[in-house]
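S.K.: The structure follows.
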Amino acid sequence: MLPRPVVREALQALATGDLLTTDIGCFSQAEWHSKERAGGAEQMIVIYCVAGKGWTRLGDVQHSIGAGQVLVIAPFQPHAYGSSEDAPWTIYWLHVAGRKVEALHGLLTYEGSRPIFDAGEDPDAISLFEEVFQMLRQSYGPEQLLMAGLSTGRLLGRLIHLHREHPELLGAKERVLRTIRYMEQRLRHRVTVPELARLANLSRSHYAAVFRRQTEYPVLDYFNRLKMQRAAYLLDMGVMPVKTIAAELGFHDPLYFSRQFHRVYDVSPTQYRLVKKG
C-alpha cells in the first residue's frame, strides 16, 4: 500500500498520473478473507483468482468467482467480496488510479456490463502482477512509479486480451471487433453494411449503431479509413506508383482514390510521400 501522500503527488504528475498502482498483493488460500466498502474505493480494483473460490456483491447483485476468473470493480462502486469457506481462494489483486482508469475499466468490463470474466490460468498475467509488486516493493520514487505504471498497463492489456479470447462471454462489442478484423482482410474489395451485420449476427440498424458508438465513425467511412491507412503504409514503404496503390486497394479511378486520401490525411498521396516521417 503506497503512502497516500505519495499517491496524491504521483497522480498530479505528468509522468505517473495516467496509471498508478496504489495497492497490490497476493493472498494464498486466504481463509476468512473478506472486504466490504459501502461507498466503494477511490481506485479501480482488479482481483485475479488463480485457485479456490470466492464471491462478490456489486450493488444488490451477488456473483461467485472461481479459479481462472477476474473481478473488476469500478472506482466508487459499492461492493463486498470474500473467500469461500470450503475452498479458500488464492488471489492476486491490485488497486489502480489515474487518468486512464475510466477507459481501461470500460475495456475490461465491456462498459461495466461484465465485471467478471474468464482468463484461465495465465502465467504471463501472474508474472506481470509479480513484476509490478517487486517494483513497488523496492521503491516508490518517481522513476520506479513510472516503470511500475508501464508494467501495470501491460498487465491490464494482457487481461483485456484474455477477456476477448472467450467469445461465449462476449456481446455486440466483440462482434463489431470481429467485423473490423474481417474488413482488414478485405481491403482490396468492397464490403456492405448488410454483409457485415450478418457476420456480426446483428440487425443492420443495431450493428450500425453499435459500430458508430464503438468507433465514432459510420461503418463504410471506417472501412475507407482502413484503406487509406494501408495506402499511407504503402506510400511510406517504397516507390510504388500511386496508380498501383489505388488498384491494390480496389480503386479503379486513381483520381477518386486521391480525393479519398486527401479527405482523411488532408494532403494528396504525392504530398504525403514527400513528408519526412519519424
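S.K.: Of the conditions (1) modelled with pLDDT under 95; (2) in a loop (DSSP other than H, G, I, E, B); (3) under 29 Å from residue 146 (Cβ atoms), residue 121 satisfies every one except a single condition; which number is it?
M.R.: With respect to (1) modelled with pLDDT under 95; (2) in a loop (DSSP other than H, G, I, E, B); (3) under 29 Å from residue 146 (Cβ atoms), residue 121 is out only on (3).
S.K.: Oh, and also: So, residue 178, is that one in the same structural domain as residue 202 (by TED's automatic domain parsing), within 22 Å of residue 209 (Cα to Cα) and not aromatic (Phe, Trp, Tyr) or not?
M.R.: When the stated conditions are applied, residue 178 passes them.
S.K.: Quick one: which strands (runs of 3 or more DSSP E) sit completely within region 28-91 and have at least 1 residues that are modelled with pLDDT of 95 or more, crowded, with 21+ Cβ neighbours inside 10 Å and in contact with a Phe, Trp or Tyr (Cβ under 6 Å, 6 or more places away or on another chain)?
M.R.: In region 28-91, the matching strands (runs of 3 or more DSSP E) lie at 44-51, 53-58, 69-73, 79-83.
S.K.: Can I ask one more? Quick one: would you say residue 209 is at pLDDT below 95 and among the aliphatic types (A, V, I, L, M)?
M.R.: Here the answer is yes, as residue 209 does meet what is asked.
S.K.: Under 6 Å between Cβ atoms, at least 6 apart or on separate chains: pull out the pairs that start in region 136-164 with a residue that is aromatic (Phe, Trp, Tyr) and end on any residue that is assigned to a helix (DSSP H, G or I) and surrounded by fewer than 18 Cβ atoms within 10 Å (Cβ to Cβ).
M.R.: Partner pairs satisfying both residue conditions: 140/6.
S.K.: Another question about this same structure. Filter region 196-242 down to residues that are aliphatic (A, V, I, L, M) and in a loop (DSSP other than H, G, I, E, B) and give me whichever is farthest from residue 274 (Cα to Cα). Before the answer, list the steps.
M.R.: So the first thing to find is which residues in region 196-242 are aliphatic (A, V, I, L, M), and the list is 196-197, 199-200, 202, 208-210, 219-220, 226, 228, 231-232, 234-235, 237, 239-240, 242.
Among the residues that remain, those that are also in a loop (DSSP other than H, G, I, E, B) are: 202, 239-240.
Working: 202: 43, 239: 11, 240: 14 Å.
Within region 196-242, the match that is farthest from residue 274 (Cα to Cα) is 202.
S.K.: Here's something else I'd like to know. So residue 113 clears everything in (1) surrounded by 15 or more Cβ atoms within 10 Å (Cβ to Cβ); (2) in a loop (DSSP other than H, G, I, E, B); (3) hydroxyl-bearing (Ser, Thr, Tyr) except one condition, right? Which one?
M.R.: Here residue 113 meets the rest and fails (1).
S.K.: Hey, another quick one. Just to be sure before I move on: is residue 110 assigned by TED's automatic domain parsing to the domain that holds residue 57 and in contact with a Phe, Trp or Tyr (Cβ under 6 Å, 6 or more places away or on another chain) in the structure I sent?
M.R.: no
S.K.: Name the residue that is modelled with the lowest pLDDT, counting only residues in region 155-195 that are under 23 Å from residue 118 (Cα atoms) and not in a helix (DSSP H, G or I).
M.R.: Taking the candidates together, the pick is 170.
Okay, residues lined up against (1) of a type in the set (D, E, K, R); (2) farther than 19 Å from residue 125 by Cβ; (3) without any contact (Cβ under 8 Å) to a residue 40 or more places away in the chain:
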| site | (1), (2), (3) |
| --- | --- |
| 17 | no, yes, no |
| 26 | no, no, no |
| 33 | no, yes, no |
| 38 | no, yes, no |
| 42 | yes, yes, no |
| 48 | no, no, no |
| 55 | no, yes, yes |
| 58 | no, yes, no |
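S.K.: Okay, next question. How many of the residues making up region 243-267 are under 20 Å from residue 188 (Cα atoms) and in a loop (DSSP other than H, G, I, E, B)?
M.R.: Qualifying residue count, region 243-267: 5.
S.K.: Could you say which residue among 172, 148, 208, 200 is in contact with a helix residue (DSSP H, G or I) (Cβ under 8 Å, 6 or more places away or on another chain) and under 30 Å from residue 24 (Cα atoms)?
M.R.: So the residue among 172, 148, 208, 200 that is in contact with a helix residue (DSSP H, G or I) (Cβ under 8 Å, 6 or more places away or on another chain) and under 30 Å from residue 24 (Cα atoms) is 148.
Okay, residues lined up against (1) hydrophobic (A, V, I, L, M, F, W, C); (2) under 22 Å from residue 164 (Cα atoms); (3) in contact with a His (Cβ under 7 Å, 6 or more places away or on another chain); (4) in contact (Cβ under 8 Å) with a residue 24 or more places away in the chain:
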| residue | (1), (2), (3), (4) |
| --- | --- |
| 3 | no, no, no, yes |
| 11 | yes, no, no, yes |
| 67 | yes, yes, no, yes |
| 90 | no, no, no, yes |
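S.K.: Only residues that are over 24 Å from residue 151 (Cβ atoms) and acidic (Asp, Glu): list them for region 73-118, please.
M.R.: If the condition is that a residue be over 24 Å from residue 151 (Cβ atoms) and acidic (Asp, Glu), then 85, 86, 111 are the ones that fit.
S.K.: Just need a number here: residues in region 231-264 that are surrounded by fewer than 18 Cβ atoms within 10 Å (Cβ to Cβ) and either outside the structural domain of residue 191 (by TED's automatic domain parsing) or of a type in the set (Phe, Trp, Tyr) (or both).
M.R.: Result for region 231-264: 2.
The values are calculated or read from the model by the stated rules, or taken from the named source; none is laboratory data. Given the structure is predicted, the values throughout are model-derived calculations rather than measurements. Cβ atoms come from the backbone with ideal geometry, glycine included; neighbour counts cover every protein chain shown.
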